[in-house]
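Below is one structure, written out as structure tokens; comments come after it.
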Amino acid sequence: MFYHISLEHEILLHPRYFGPNLLNTVKQKLFTEVEGTCTGKYGFVIAVTTIDNVGAGVIQPGRGFVLYPVRYKAIVFRPFKGEVVDAVVTQVNKVGLFTEIGPMSCFISRHVRGDPKNGAQKCPKGGGDPKNVLKGGGDPKNGTGGEGTPKSPLGALPDPSTPPHFPPKSLWGPQILPWGPQICPLSPQSIPSEMEFDPNSNPPCYKTVDEDIVIQQDDEIRLKIVGTRVDKNDIFAIGSLMDDYLGLVS
């Protein structure tokens, strides 16, 4: 999302710049130092629109440099979880898609935690630790196995007529609950299952079986941001193509 906000910045100026063009030099250094930078709080500074005030300079003792406080307005780009944006694919490999949303990097993972195709264990029936899968002869409603010993870490499971009870956060992937299959909301799939990675194509790509949709390097796609990692001077995003109207932009 783009915002127009007020910000502050300090310009440190060498004595050789003191003269009739002092204010112009301060303004030029402001554009140079802040445009294209990123802060975890406000996001990426796209462009300085106006300079509201250049404060009185403060001489730095023993150095001769002068520090000028500047207040200005700028357009910033600050992404949020759930936002739908357009991105350009920069790299395609077996682990997923690497994209750029303007100045920000975004990764779309191919792998799904809990998907046996990717070497992970299936989630058990009733929703529990894979080591505690209910065995034959047990009652799934009370969480007992064939030997009559408790097997489900959730204890007694709810009646099918009750609202769904989501599994603990340690569980991944599809959950087979008493009332039927339930996709765990904690680890959604990021790339549609009908799209497979083709390492032999030139360039490598993700495509459907009928090749109706092909995503490769330099293609423009539409994605949803499902998470962000905010550092002091950078923001990194995780994206998904699993929603309506997402994917390749024709």
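For the range 170-193, give me the residue count where each residue is modelled with pLDDT of 50 or more and either surrounded by fewer than 12 Cβ atoms within 10 Å (Cβ to Cβ) or over 19 Å from GLY239 (Cβ atoms) (or both).
1
Give me the strands (runs of 3 or more DSSP E) completely within the range 1-106, filtered to those with at least 3 residues that are within 30 Å of MET195 (Cα to Cα) and of a type outside the set (Gly, Ala, Ser), ordered by residue number.
Output list reads 84-93, 96-101.
Could you count how many residues in the range 203-239 are in contact (Cβ under 8 Å) with a residue 60 or more places away in the chain and not in a loop (DSSP other than H, G, I, E, B)?
Residues flagged as in contact (Cβ under 8 Å) with a residue 60 or more places away in the chain and not in a loop (DSSP other than H, G, I, E, B) within the range 203-239 amount to 19.
Somewhere in the range 232-250, is a residue at pLDDT below 90, more than 23 Å from PRO103 (Cβ to Cβ) and not charged (D, E, K, R)?
Within the range 232-250 (the criterion being at pLDDT below 90, more than 23 Å from PRO103 (Cβ to Cβ) and not charged (D, E, K, R)), the answer is yes, since at least one residue qualifies.
Yes or no: PHE65 of a type outside the set (Asp, Glu) and under 27 Å from MET1 (Cβ atoms)?
no
Can you find even one residue in the range 45-61 that is of a type outside the set (Gly, Ala, Ser) and within 25 Å of the chain's Cα centre (by Cα)?
Yes: one or more hits.
Can you find even one residue in the range 229-242 that is over 19 Å from VAL84 (Cβ atoms) and surrounded by 11 or more Cβ atoms within 10 Å (Cβ to Cβ)?
Within the range 229-242 (the criterion being over 19 Å from VAL84 (Cβ atoms) and surrounded by 11 or more Cβ atoms within 10 Å (Cβ to Cβ)), the answer is yes, since at least one residue qualifies.
Among the numbered conditions (1) more than 30 Å from VAL214 (Cβ to Cβ); (2) out of contact with any Phe, Trp or Tyr (no Cβ under 6 Å at 6 or more places or on another chain), tell me where CYS38 comes up short.
Looking at each condition in turn, CYS38 falls short on (2).
Have a look at LEU7, LEU13 and point out the one that is at pLDDT 95 or above and more than 22 Å from LEU223 (Cβ to Cβ).
Just one listed residue meets the conditions, LEU7.
LYS117 is checked against (1) exposed (fewer than 14 other Cβ atoms within 10 Å of the Cβ); (2) of a type outside the set (A, V, I, L, M, F, W, C); (3) at pLDDT 85 or above and fails just one. What number does that condition carry?
The one condition LYS117 does not meet is (3).
The values are calculated or read from the model by the stated rules, or taken from the named source; none is laboratory data. Treat the numbers as computed from the prediction; the structure is a model and nothing was measured. Note: ideal-geometry Cβ built from the backbone for every residue, glycine included; neighbour counts use all protein chains shown.
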